[in-house]
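**Student:** This is the structure I want to talk about, given as C-alpha cells.
FYI, it's all coordinate maths here, none of it is from the lab. These numbers come from a predicted model, not from an experiment. No Cβ is skipped: glycine too gets one built from the backbone with ideal geometry, and neighbour counts run over all protein chains shown.
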Amino acid sequence: MKYFLAVDIGASSGRHFITWKNENDELEYKEIFRFKNGLEKRNSHLCWNLEGLFTNIKEGLKECKKQGVIPESLGIDTWGCDFVLLDSEGKILGDSVAYRDNRTEGYMEKLNSLIGAEELYQRTGIQRQPFNTIYQLMSIKDKNPEILEKANTFLMIPDYFHYLLSGQISNEYTNATTTALVNTESKDWDWELIKLLGLPEKIFMPILKPGKKIGRLSEDIEKEVGFSCDIVLPCTHDTGSAIAAIPLSENKSGENKPVLYISSGTWSLLGSELFEANKNHKSFIHNYTNEGGYGENGFGNRYRFLKNIMGLWMLQSVKKELEERSANVISFDELDKEAKESCIKSIVACNDKCFLAPSSMIDAVQTFCQKRKLRVPQTAGELARVIYESLARCYAEAIKELEDILNCSFEELYIVGGGSKSALLNLFTERCTGLKIIAGPSEATAIGNCLIQMLCNGEYKNLAEARQAVRNKVLKNGGK
C-alpha cells in the first residue's frame, strides 16, 4: 500500500490523516492522530503556540511509525493570513500573533491613504478583512520596526512547519494569495505594492505551486520519528485543500461552470470555483475574494471565489464557555438535539465584528439580541438554534449576491468540512436557500491535501479523476 499523509491544522484542533488506494483501486482514508489547538495570550496579544503545534506534528509522525503506516509523502495545511518572520539564523522574531488579535485596528483606513481600496482589489483580488497579512505587516512596521529590520525570511505558518521538517524554505501559492500581496496577473508577489508599503523585498521567497515536491524529512527529524518521506506542497491554505476534495462527478468538473460550495468549519467559506479571477465592481462591493486554488496547468488555473462568513467559530466558542461554566463536556450532538427542540426565532448578523474575537461569545450573542429587542437566547439549545438559523440566513443572502455577481443560478450546494456533519444546520440551510444539499466529506481539507500529494505521485491522472474517487467514497459512506 502507498500511504499519503496530511497534517491538517485548524484553529481548534489538528489531525494526522492518511489516504491510500485499496485492492479495488478505491480511495480509503482514516485519522491517525489528533491534537488540540487554540489561542494563547502572550505580551497582551492573541498568539499561536507554534512550539506546541510542532511537537504534536512530530508526535503524530511517531504514531504513524508505531502503527506501521509509513507515508510516501506528507504535506501540511493550516488557516491563512498568519505568518512568521525569521532572522538570518532561522529563528522566529517576535511572537506568533494570530489574525484575531486587534493589532491591525485602523490599518485598513491607513492603507487607503496610500492606495485606493478598489485599486488594491484590482491588483490582488483579495477581500477587505482587518486581519489580512498586509495589515499585520503594516502594524509590525509601525509598532515593531526592529523586527522587520532583522527579518530575513517571511513564511506562512505551514511554510514554517515544512521548513522545520525539511530545512527547505518555500512560499506556497494558495496561502500566499491570502496575504493581499500577490498580484492576480503575474501570480507573483506584487513588488510595486511591497515597495509602496516599505517592506523589505528580500524576505519574500519565490512562490511555488501546490503539488511541488520540495524535499524530504531532515536527518534529525528522521532520527526522531523513525522514518523519512517526501514533503509535497498541498494547497497549504486549508480551504484550498478542502475545495480540491469537492465530490464533483467527473463530467462536471471539467466544465467552465460555477460550482457552489461551503467549506464549513471555524469559518464558513461560501463561494464558487472559477477558472479566472473575478474582480468586477459587484465583487468588490460585496467583498468577495479571489484566492488561489490548485492548478494543473500552472498558476491561476482555478480560483476560490468566496466570501468569509463567521461560521462555527461562534458555536465552538459558546460550547467552550458552557463547558467552562459547568465543568462538563458538551458534545455537538447534544447541542444539535437541544437546538432542534428550541423554538427561538432570533437572528443575528454573523459577520458583525462583535463576533470576531469577543471575551464571551455568549454575552456577544445575547447583547446583539438585546440591543435589537429580539428574544434573548438563554439556554444552550437556544444559543445553538440562533447561531444555526443565523448562519443559514447568511448563506442564503450570500448565495443571492453570488448569483448576481456571476449572472447565474445554482441548483446544488456542496457542503464539505466538519460543519457538513450537522444535519440540523444542513436542514436550515436547505430551507433558507431552496437548494439541494450535497453534504460531505467532513474531512475534506485533509482529503484534499492528500489528493494533491497523490496527483504528484501519479496515483490519479488529474483532479477530475481524484474528485470522482471522493464522490464514490462519499456516496458509499453516506456523506462521511
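**Student:** Quick one: give the max-minus-min coordinate of the C-alpha atoms of the range 248-439 along each principal axis, largest first, in Å.
**Tutor:** So the three principal-axis extents are 53, 32, 29 Å.
**Student:** For every other residue with a beta carbon closer than 11 angstrom to the beta carbon of Ala6, add +1 if it is Lys or Arg and -1 if Asp or Glu, then tell me the sum.
**Tutor:** Net charge in that neighbourhood comes out at -4.
**Student:** With runs of 4+ DSSP H residues as the only contributors, calculate the mean residue ellipticity of the chain at 222 nm using -39,500 (n - 2.57) per run, divided by the residue total and rounded to the nearest 500.
**Tutor:** -12000 deg cm²/dmol
**Student:** Please list the equivalent ellipsoid semi-axes of the range 224-346, computed as the square roots of five times the alpha-carbon gyration tensor eigenvalues, in descending order and whole angstrom.
**Tutor:** After diagonalising the Cα gyration tensor, the semi-axes are 33, 23, 14 Å.
**Student:** Taking the Cα centre as origin and putting +1 on Lys and Arg beta-carbons and -1 on Asp and Glu beta-carbons, what dipole magnitude results for the range 3-232, to the nearest 20 debye?
**Tutor:** Magnitude of the dipole: close to 340 debye.
**Student:** Moving to a separate point now. Could you list Met1, Met138 in order of exposure, starting from the residue whose Cβ has the fewest other Cβ atoms within 10 Å?
**Tutor:** Listing Met1, Met138 from fewest to most nearby Cβ atoms yields Met1, Met138.
**Student:** Can you list residues whose amide H is under 5 Å from Tyr3's amide H, if they're 5+ apart or on another chain and H is modeled 1.01 Å from N?
**Tutor:** Amide H neighbours of Tyr3: Glu72.
**Student:** Something else about it: Which of Ile330, Val259, Met361 sits farthest toward the positive end of the charge dipole of the range 248-439, with +1 on the Cβ of Lys and Arg and -1 on the Cβ of Asp and Glu?
**Tutor:** Value: Met361.
**Student:** Dividing the alpha-carbon Rg of the range 312-391 by 2.2 N^0.38 Å yields what?
**Tutor:** Against the compact-globule rule of thumb, the ratio is 0.99.
**Student:** Once all Cα-Cα distances of the range 5-145 are split into 5 Å bins that start at 0, what whole-number percent is in each one?
**Tutor:** Computed distribution, short to long bins: 2, 8, 15, 16, 14, 13, 11, 8, 6, 4, 2, 0, 0.
**Student:** Once phi is turned into θ = phi - 60°, what whole-Hz ³J(HN,Hα) does the Karplus curve with 6.51, -1.76 and 1.60 give for every residue of the range 349-365, x standing for Gly and Pro?
**Tutor:** Coupling constants for the range 349-365: 7, 4, 8, 4, 5, 5, 9, 5, 7, x, 5, 9, 5, 4, 4, 5, 5 Hz.
**Student:** Additional query: For a protection proxy built on the mean count of beta-carbon atoms within 10 angstrom, sort 191-198, 432-439, 453-460 highest first, please.
**Tutor:** My ranking of the peptides, most packed first, is 453-460, 432-439, 191-198.
**Student:** So what is log10(I(q)/I(0)) for the range 69-198 at q = 0.13 1/Å, when the Debye sum runs over its Cα atoms only?
**Tutor:** Taken in order of the listed q values, log10 I(q)/I(0) reads -0.55.
**Student:** Determine ³J(HN,Hα), in whole Hz, for all residues of the range 136-150 in sequence, where each value follows from phi through the Karplus function 6.51 cos²θ - 1.76 cosθ + 1.60 and θ = phi - 60°; x replaces Gly and Pro.
**Tutor:** Going residue by residue, I get 4, 5, 4, 5, 4, 4, 7, 9, 9, x, 5, 5, 5, 5, 8 Hz, with x marking Gly and Pro.
**Student:** In µm²/s, what is D for the range 345-480 at 10 °C and 1.306 mPa s, where D = kT/(6 pi eta Rh) by Stokes-Einstein and Rh is the Kirkwood radius from Cα pairs?
**Tutor:** The calculation lands on 92 µm²/s.
**Student:** Work out, in µm²/s and without decimals, the Stokes-Einstein translational diffusion coefficient of the chain at 10 °C, 1.306 mPa s, Rh from Kirkwood over C-alpha pairs.
**Tutor:** Calculated translational D: 70 µm²/s.
**Student:** Next question, about the same structure. At a 10 angstrom cut-off on C-beta neighbours, averaged per residue, how do the peptides 279-289, 180-190, 155-165 rank from highest to lowest?
**Tutor:** 155-165, 180-190, 279-289
**Student:** Taking amide H positions as placed 1.01 Å from N in the peptide plane, with prolines and chain starts having none, which residues 5 or more places from Gly215, or on another chain, fall under 5 Å of its amide H?
**Tutor:** When sequence neighbours closer than 5 places are left aside, the close amide H contacts are Ile231.
**Student:** Return the sequence-ordered ³J(HN,Hα) values of the range 416-432 in whole Hz as given by the Karplus equation 6.51 cos²θ - 1.76 cosθ + 1.60 applied to θ = phi - 60°, using x for Gly and Pro.
**Tutor:** Per residue, the Karplus-derived 3J(HN,Hα) values read 10, x, x, x, 5, 7, 7, 4, 5, 5, 4, 5, 4, 5, 4, 5, 6 Hz.
**Student:** Do the alpha carbons of any pairs in Lys110/Lys150; Lys65/Lys213; Lys150/Lys212; Lys212/Lys461; Lys209/Lys279 sit beyond 19 Å of each other, and which pairs?
**Tutor:** Too far apart for the 19 Å limit: Lys110/Lys150; Lys65/Lys213; Lys150/Lys212; Lys209/Lys279.
**Student:** Report, by chain and number, residues whose modeled amide H sits under 5 Å from the one on Asp188, excluding near sequence neighbours (fewer than 5 apart, same chain).
**Tutor:** Asn183
**Student:** While we're on this one: What percentage of all Cα-Cα pairs in the range 402-451 are separated by more than 12 Å?
**Tutor:** 67
**Student:** Further question on the same structure: With a 10 Å radius around each residue's Cβ, average the other Cβ atoms per peptide and rank 240-246, 16-22, 259-265, highest first.
**Tutor:** 240-246, 259-265, 16-22
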